[in-house]
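A short write-up of the structure that comes next.
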Amino acid sequence: MGGREGPGVNESRGADRPRKRLIIQLARFGDVLQTAPVVAGLRRAFPDDEVYILVDAPMGETAKMLPGVTAIHTFDRSGLLDALRQNRLDRAYQIVRDTVNPLNMLAFEEVVNLTHTPESACLTALTRAVTVRGLVATRHGMVSSGHWSRFFRAVLARREWSGYHLIDLHLLLAGVGGQGKDYRLNPIGFSHSERRDGQCLVGINLGANLPHRRWPVTAFAAVANQLATQSNCLVRLVGTSGEAHLAEEFTHLYRGEVDDLTGKTSPTRLARTVGECDLFLSGDSGTLHLAAGLGVQTIGIYLGMARPEDTAPYREGSVIFEPTTTCHPCPENHPCNHFACHADVPVQEVARAALKLLRGDRVLDSEQSGYRCRVVGFDETGDLDLGGEHGRLLRSVWADIMENGKWNMEQGSPDEGQDSKKNMIDELQEIEQGIITGSKDKALMSSVQEKLGEVELLAGNTDGVGLAATLFQLELEQRPADPLEGIRQLREAYLRFEMRVKKLQLIAGRRIPIAFARAV
Amino acid sequence: MSEQIRAGNHRWLKSFNPDLQSVLCDLEPDVSIAPSRSGALTLSIAGQQIHSSYDPVREAEQFAIKSLDNVPAQNGVILFGLGLGYIAEAIRKKHPGKLAVVEADPTVFSAAVGSRDLSTLGDVKLVVGGSAVEVVGMLESFVSTTGGWDKVTLVAHPASVKRFPDYYREIEALLQARSKVDVGRLGILVATPMYGGSLPIAHYCADAFRRLGHRVDVLDNSIYDPARQQIDAISRDRRHRGTLGEILTTLMAESITAKALDRAVDLVWLVAQSPMTPRVADELKKHGIPTAFWFVEEWQLLTYWKEWATRFDYFFTVQRSGFHAELARMGVKHHAWLPLAADPDLHRPLSLTPAERAEFGSDVSHVGAGYRNRRHVFSSLAGFDFKLWGSDWENPGLLGKSLQRNGTRISTEESVKIFNATTVNVNLHSSQFHDGVNPEGDYLNPRTFEIASTGGFQLVDARKDLPGHFEAGEEIALFHDARELPLLISHYLNRPDERKHIAEKGRERVLKDHTYDLRMQQALEFIYSREARKASLRHPNHIENLRKMASDDPELTELLSRFEAEGVLTLDDVIEKIRQNSGELNDAELIFLLMHEFRRWAGEKDLV
């Protein structure tokens, strides 16, 4: 595999140590926890630097679990929402100011924005860091800074074509790709366990944020009952207060001893109670990632839209069960409502895997009718790997596209890139000449005309590739059934669109639309 | 094609807005009408784009969808900004209710008529140019078809507002005032004086507010008049009388606060001599209850207004010349001229009994107090069947035989009978400094309107303000000096038809223009157009308040300085300004962009 986008080294602020780096992560519990490898990657790449993190205010406690963070800053999104609900521009402005001012004082060398929202892009720009990675706001729109950031943006709606786990993508975006595996959370003083000597503690999170992602309580209870018959175990339930009815149902079905902490845990207490488990069972949830980060063996039941390739626990040996029905995973934002595949994950197999893990035995990948069991591993470059050629092939193609220099005019380092830039400018001049003189090249003219609206928006926008990525997604709609052929075409399409947008962007920069309008 | 359009538009104007044909003008060289990218014509003036240069039709459609989002279907819409008519057309398509369009600039109107077929707009009411007050006046008939001022929605075309921001805000404030005043939901407290000529005026005001549909409470302080007289009898010591008088004033003034808060009124209305103390004025201000004071006295004669004018939120006067300059100099923020009037329910034609005619009737009469000029002028009327009614005629001399009831006060009801029963009602405005007609006299006294309102014939001394109120010789008869008076009395006594004609016309004029109902409506509109502005000033998003917040934030100060007009800013206003700018985004711009993006996200999640 070729070289990756290297750490952003910029000495413009001198060699003063320590330099300061900021990670912006405004998403939820699980996402905040999964920022740990990026923090670790930055610490490893820049041992003398300080790493700060900006999180949504309620996630301040959670962020304390991230090892290596110098200081946690919070953004009061809830306060901002209130101010905007009350139409108080003054208060809303002040809330953002109060967030930004202390960040500005730190004079960041680099900001890594892991949240792909316009709001985070504005905060990224407001930090005034020397270098920026990820989405950043500019006068002309939200621009993805760094080509892995653009890649991330392009594949957001087509996750199955990514091949990368979310954490690996974050690492690539942060410029510290291939430095993964290091998913470890700060253990926060374990509580005094209720368990007796020799008793194993099995944590279960029965709930999920959406019903199509939730394995039935009866299934969890059946697994627990099987464990209870073969081992001396205490089941500890965790979850939100809204999931109390699930816990009640479980307690009714389960024949063993239950420590029900549903609705009773703050993030800190949750960390304590989950961290002391010997095994943790859950759907794809923040708590599952918490358990994995705390070194607990996990079994994840991935249902609905959950894709283990993207969001498996980032810990070697974590076990994933998922259905193999053709419609799994559910299409993005179009989950089914019959949940038929939930029954495809066999209770017996989950229980067997759980027992193995409790006994210290290895669980192996397997695929049977209706379900698949996979064990998390890492490939030779350090990227999370769930086995199978498909993921590896996708990652190698993307790495080739992203790193070989052809596609990215801004990098311009490889000779090939320089040549194509020269050719493109020649071609551009022809186009320009054609427009001014009223060229007969109707196809070209109509193509330019078609894009004039977009070109207006693009004028001055340096993120041509950002749009190429969007157009590229449209191309993905037409992909052939054969994945390998699809991947080949993707690469071509990406290059083609990128070129076209570059041309249009340059035309816009030269104010040709006005000349064009006059010519018409 | 252009000629065809123009001809079609002229036909359309003739059908629906015939007066506007005269407004059409030639286009200035800085007006550009050119095809947009989509082919539809677009307009720019002095380099300022009025419509999209890309696709004005689509832009208008999107604008209409956004603007009409919360507008009830039955509401009328007043669109500020005709442009080339795209937005009016889009509103027409989307909105079933009636539409009026206000275009500030005759050039834009002319550009539209000359370039685009506007006949598809059908029966749209168009108003072009004029002051804000005139514009609102011209919209009266349109609004009456929609069900009232609270049933119309003002929609502003941003590019048009940008050209005339203050004009737009003025119209907006007036419309808000109309809406507030017209729906008759105001609670008004009227505090009367204890006695004197302004006491009945306070009651006329209260009655007018009631007729206009407002909830009116009256603090009738005439009940304390016996107490006032009692104070005069208690002691000969002036200081003691003064102290007791102050206590009485305090009692009456504190009653205003108590009543105003108890009844949660929107406005306290006072007239000259109504009781007030500085503490009560401050208290009302603290509670956000506006106070209006109608000074129905001569400002140079009675000067107590000087210590009070700045304490009231609104100060109305019956005189203009010099007074308003003086008020402005003193720092009175809101002052306006509000002439006196009549109450046609009270000042009306009566069928008198023979006994009443005998008692109140005469060839010539005057109702009023015994001022110097009246004593002098009326002495020449001894030869007439002349009755003199009113008080303060001590030592009447030759007038003694004309003086009725030994100079006791005449009630309003009795004065109306006198005006009805008299052949020639002489009205001489009072003066202590002249022997005849005061040549500098300006304002009209209540009797001028009251006599006319009863349908009585009136011979009044010439006053500066008279021409604006009545047409001399047609609606009212004038005399210019003492010598002329007996001659004119004789003239009119012998001409019953002429008297009848003038009296009828005078009454018509009062009913049309000089009722207390009209005056109070005008006063409320004045007050609430400014209250709307004050309310907007109180809004935390008012640009003034945001500027205060920005005092230590130079980038925010700079961003706010890009707004030419005053008023309440919306997040969209700020984003619009940011989009017009170029170069790297500064912090203030980024913060507002963040707020905008966050609100959009929250909107998608139904959180705002």
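FYI, it's all coordinate maths here, none of it is from the lab. Because the structure is predicted, anything quoted here is derived from the model rather than measured. So basically every Cβ, Gly included, is an ideal-geometry build from the backbone, and we count neighbours across all protein chains shown.
Mean partner shielding of peptide A:73-82, defined as the number of other chain Cβ atoms within 10 Å of each residue Cβ, is 2. Sequentially through the range B:234-240, phi angles give Karplus couplings (6.51, -1.76, 1.60; θ = phi - 60°) of 5, 9, 8, 6, 4, 5, 5 Hz, Gly and Pro residues having no value and appearing as x.
Checking the Cα-Cα distances for B:Lys93/B:Lys151; B:Lys162/B:Lys333; B:Lys125/B:Lys500; B:Lys94/B:Lys548; A:Lys181/B:Lys605; B:Lys98/B:Lys548 against a 31 Å cut-off, the pairs over it are B:Lys125/B:Lys500; B:Lys94/B:Lys548; A:Lys181/B:Lys605; B:Lys98/B:Lys548. Shown in residue order for the range A:98-115 are the 3J(HN,Hα) couplings computed by the Karplus curve 6.51 cos²θ - 1.76 cosθ + 1.60 at θ = phi - 60°: 5, 6, 7, 3, x, 5, 4, 4, 7, 6, 5, 6, 8, 10, 10, 9, 8, 10 Hz (x for Gly and Pro).
Roughly how crowded by other chains is peptide B:35-42, in terms of the mean Cβ count from those chains within 10 Å of each of its Cβ atoms? Mind showing how you got there, number by number?
Details: counts 2, 1, 8, 1, 1, 0, 0, 0.
Averaged over the peptide's residues, the number is 2.
Only Cα pairs under 8 Å and 6+ residues apart enter the sum, and on that basis the relative contact order of the range B:179-329 stands at 23 percent. Sorting the segments B:579-590, A:235-246, A:384-395 by their mean number of nearby beta carbons within 10 angstrom, highest to lowest, gives A:235-246, A:384-395, B:579-590.
In this structure the amide hydrogen of A:Thr74, modeled in the peptide plane, comes within under 5 Å of the amide hydrogens of A:Val55, none closer than 5 places in sequence on its chain.
Charged neighbours of B:Asp553, selected by a Cβ distance under 14 Å, balance to -4 (K, R count +1; D, E count -1). Taking square-rooted eigenvalues a ≥ b ≥ c of the alpha carbon gyration tensor, is the range B:415-521 rounded, prolate or oblate, where a/c under 1.5 means rounded and, failing that, a/b exceeding b/c means prolate? Oblate.
A simple packing score, the average count of other Cβ atoms within 10 Å per residue, orders the peptides A:337-347, A:357-367 as A:337-347, A:357-367, with the highest score first.
Once you sort the root eigenvalues of the Cα gyration tensor of the range B:70-138 as a ≥ b ≥ c, which label holds: rounded (a/c under 1.5), prolate (a/b larger than b/c) or oblate (the other case)? Oblate. Putting +1 on Lys and Arg Cβ atoms and -1 on Asp and Glu Cβ atoms, find which of B:Leu381, B:Trp308, A:Leu169 reaches farthest to the positive end of the dipole of the protein assembly as shown. My answer, from the dipole projection, is B:Leu381.
Cβ neighbours within 10 Å, averaged per peptide: list B:248-255, A:162-169, B:459-466 in order, most packed at the top. Working shown, then result.
Numbers: B:248-255: 17.9, A:162-169: 24.2, B:459-466: 20.8.
Those peptides, ordered most packed to least, come out A:162-169, B:459-466, B:248-255.
Note on the range B:153-258: Rg/Rh from Cα positions, Kirkwood definition for Rh, rounded to two decimals, is 1.27. The value of relative contact order for chain B, using C-alpha pairs under 8 Å at least six residues apart, is 9 percent. The Cα trace of chain B gives Rg and Dmax of 29.9, 92 Å, the first to one decimal, the second as a whole number. Convex hull volume per residue, computed on the Cα atoms of the range A:23-89, equals 77 Å³. Summed over qualifying helices (DSSP H, 4 residues or more, each -39500 (n - 2.57)) and divided by its residue number, chain B shows a 222 nm mean residue ellipticity of -14000 deg cm²/dmol. Distances between placed amide hydrogens fall under 5 Å for B:Thr515 paired with B:Ala342, all partners being 5 or more residues away or on another chain.
Quick one: pull the percentage of alpha-carbon pairs in the protein assembly as shown with a separation above 57 Å.
Working: 263718 of 635628 pairs.
Value for the protein assembly as shown (Cα pairs over 57 Å): 41 percent.
Going toward the positive end of the dipole of the protein assembly as shown, with +1 on Lys and Arg Cβ and -1 on Asp and Glu Cβ, which of B:Ala421, B:Phe293, A:Ala399 do you reach last? Going by the Cα projections, it comes out as B:Ala421.
Sort the range B:307-388 into rounded, prolate or oblate with this rule: let a ≥ b ≥ c be the square roots of the eigenvalues of the Cα gyration tensor; rounded if a/c is under 1.5, and if a/c is not under 1.5, prolate when a/b is larger than b/c, oblate otherwise. Present the calculation step by step, with values, prior to reporting the outcome.
Details: a/c = 4.41, a/b = 2.02, b/c = 2.18.
Oblate, since a/c reaches 1.5 and b/c is not below a/b.
Have a look at A:His342, B:Phe449, A:Cys373 and report the one farthest towards the positive end of the charge dipole of the protein assembly as shown, computed about the Cα centre with Cβ charges (Lys/Arg +1, Asp/Glu -1). The Cα lying farthest towards the positive end belongs to B:Phe449.
Around the amide H of A:Asn113, modelled in the peptide plane, lie the amide H atoms of A:Ile24, A:Arg133, A:Gly134, A:Leu135, all under 5 Å away and 5 or more residues distant in sequence or on another chain. Across the range B:418-424, rounded Karplus estimates of 3J(HN,Hα) from the backbone phi angles (6.51 cos²θ - 1.76 cosθ + 1.60, θ = phi - 60°) give 4, 4, 6, 8, 8, 6, 10 Hz, Gly and Pro being marked x.
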